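> Take this structure first; my questions come after.
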Amino acid sequence: TGLIYIVKKKWRSIEDCFHVYQFFKVPEFNEGMQRNQLYHKVFVYLNSLTFIEDSDFTNLFTGKKPNEIVLHLDPNQIIEDDFLGAKISWINQDKTLVLKIRKADKRRVLRPYLQHIHSVSDEFDDKKRGLKVYVNVVDHQGDRKERWRSVPFTHPSSFETIAMESDLKNKVKSDLYSFAKAKQYYHRLGRVWKRSYLLYGPSGTGKSSFIAAMANFLSYDVYDLDLSKVSDDSDLKFLLLQTTTKSLVVIEDLDRYLSEKSTGVSLPGILSFMDGILSSSCGEERIMVFTMNSKDHVDPAILRPGRIDVHIHFPLCNFTAFKTLANSYLGLKDHKLFPQVEEIFQNGASLSPAEIGELMIANRNSPSRALKTVINALQTDGDGRGALNLGRGWCENGSRKPVEEIGEPSGVFCKEGANAIKELKKLYGFLRVKSCRKSQSFDLNSRQNEG
């Protein structure tokens, strides 16, 4: 076997002397520091080839499924491929894939071969693609090429698991679905195919879980942008350039960064990031999501349509959201204590969905005890917190609100008892949030022709 291998290798070397070859480089990044999508497609295509098993060496990794072993290219590895009778070679060099093809075959083979790579890689991506969450890192060496680090995105949140009224849930899902299918419509209007959401409300009301549900619904990657690790406006632009299509670009607690000025990014830099020329040039099929605790003191220039298309408010828990939580956490669709809980909510008491959810988790083995613990917590810690949210969709004067309310659990561990929320805050530093104004749950202030 070894002798046959040596003979074949020598014969290929001799055969190469009688042919003229042409080389094409496919770098991972282009001159503008933006990721080269063709590099990704070729890399996926080569890793799917059976020829990789015939290489002199390759890398072995565990797969996502149990006992699954996958093969991946190694630096300087050579992969051979056949297409329409032509022999083609790929060389994996330093963050560059080099295509080696006979010059006599180039005109006949090259274009259909690249189209073949596109179709195979897209099909392979659809079958094997797992979502990823990217985080930006500090640029210590001045090399802006590797500013994002990724891990698999495995958050289980979905629109079926979040505590949201069905009408409002359908409205959100419809808006996302319409956006995902609206490429030709946006282009016909001369608009960039992107959309932006603002999620605002107290801590613990489910904004982060809602983002995860959006990503899972659309099958989009998540780019979690930490402004404290961005040096200046120019650095922010480079980070935007390196994001990919079909992604959610997320900036959490934007109001805190703006008020504390805890980042090197300026307000004009934020505005340019949201809808500037650069954002419009590389913003195809992207959704930007910003979260805030409150939008009261935010510059109106940030909130205008075009920069923020959809406003969604995440309030403290109401009785409707409580019933959803009780069904999800305790398996209760009804209980004799529900009327008492409803009365407490109608009197203005409220807690965040996270606080109520964690009380239920701590007492999940006894639903009755869990409800009693929630009642005690509402009576001792929830007085006056939701005084302006009198029941489902009603204002203080009895008039009907034209909006719905959202609540969704996320959380930390807490213990049972009448003072459970107080003890939880002492242990984990929860801030008590008091609502002093009426708020809307869903302000779909986007232009109707984008819906």
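> Let me cross-check SER13: its accessible surface, 1.4 Å probe, with only protein heavy atoms counted, in Å² to the nearest 10?
Ignoring ligands and nucleic acids, SER13 comes out at about 70 Å².
> Determine the order of ARG364, ARG286 by accessible area, beginning with the largest, at a probe radius of 1.4 Å.
Largest accessible area first, the residues go ARG364, ARG286.
> Using only the Cα atoms of segment 1-128, build the gyration tensor, take square roots of its eigenvalues as a ≥ b ≥ c, and label the shape rounded, prolate or oblate: rounded if a/c is under 1.5, else prolate if a/b is larger than b/c, else oblate.
It is oblate, given that a/c is not under 1.5 and a/b is not larger than b/c.
> Compute the FRET efficiency between PHE18 and ILE69 as 1/(1 + (r/R0)^6), taking r as their Cβ-Cβ distance and R0 = 45 Å, and round to the nearest 0.05.
So the FRET efficiency works out to roughly 0.70.
> So for the pair TYR5, GLU160, with labels modelled 7 Å out along Cα→Cβ, what separation do we get in nm?
So the label points at TYR5 and GLU160 sit 5.0 nm apart.
> Kindly sort TYR220, TYR5, TYR185, TYR134 by accessible area of their heavy atoms, largest first, with the probe set to 1.4 Å.
TYR5, TYR185, TYR134, TYR220
> Rounded if a/c is under 1.5, else prolate if a/b beats b/c, else oblate: with a ≥ b ≥ c from the C-alpha gyration tensor eigenvalues square-rooted, which is segment 182-321?
Because a/c hits 1.5 or more and a/b fails to exceed b/c, segment 182-321 counts as oblate.
> Accessible area per residue, 1.4 Å probe, Å², for segment 316-381: what's the number?
Ligands and nucleic acids excluded, the figure is 40 Å² per residue.
> How would LYS95, LYS295 rank on accessible area, largest to smallest, probe 1.4 Å?
Ranking LYS95, LYS295 by accessible area, largest first, yields LYS95, LYS295.
> When DSSP assigns beta bridges and you keep just the ones with both residues in segment 132-313, what percent turn out antiparallel, to the nearest 5?
Around 20 percent of the beta bridges assigned by DSSP in segment 132-313 are antiparallel ones.
> Over all Cα pairs of segment 170-239, how is the pair count split among 10 Å bins, expressed in % and running from 0 up to the last occupied bin?
15, 36, 37, 13, 0
> A further question follows. Could you give the length gained on full extension between HIS40 and GLU284, defined as 0.36 nm per residue of separation minus the Cα-Cα distance, in nm?
86.1 nm is the gain from fully extending HIS40 to GLU284.
> Whole number in Å², please: accessible area per residue of segment 132-313, 1.4 Å probe, ligands, DNA and RNA not counted.
Heavy-atom accessible area per residue stands at 42 Å².
> Oh, and also: Heavy atoms only, probe 1.4 Å: what % of the accessible area of segment 316-381 goes to carbon and sulfur, would you let me know?
It is 41 percent, rounded to a whole number.
> Take SER262 and ARG191, extend 7 Å from each Cα along the Cα→Cβ direction, and tell me the distance between the two endpoints in nm.
The answer from the label model is 3.4 nm.
> Please calculate the 1.4 Å probe accessible area of LYS103, with all protein chains present, and give it to the nearest 10 Å².
We get 110 Å² for LYS103.
> Of the accessible area of segment 1-128, with the probe set at 1.4 angstrom, what percent is carbon plus sulfur?
Carbon and sulfur: 57 percent of the exposed surface of segment 1-128.
> Okay, moving on. What does the accessible area per residue of segment 1-128 come to in Å², with a 1.4 Å probe and no ligands, DNA or RNA counted?
About 69 Å² of surface per residue is accessible.
> Label THR245 and LEU168 with points 7 Å out from Cα along Cα→Cβ: what is the distance between them in nm?
3.4 nm
The values are calculated or read from the model by the stated rules, or taken from the named source; none is laboratory data. Remember, it's a predicted structure, so these values are computed and weren't measured experimentally. Because the Cβ atoms are built from the backbone with ideal geometry, glycine has one as well, and the counts that use them run over all protein chains shown. Calculation scope for accessible area: heavy atoms of the full protein, side chains included, ligands and nucleic acids excluded. Shrake-Rupley method; radii C 1.70, N 1.55, O 1.52, S 1.80 Å.
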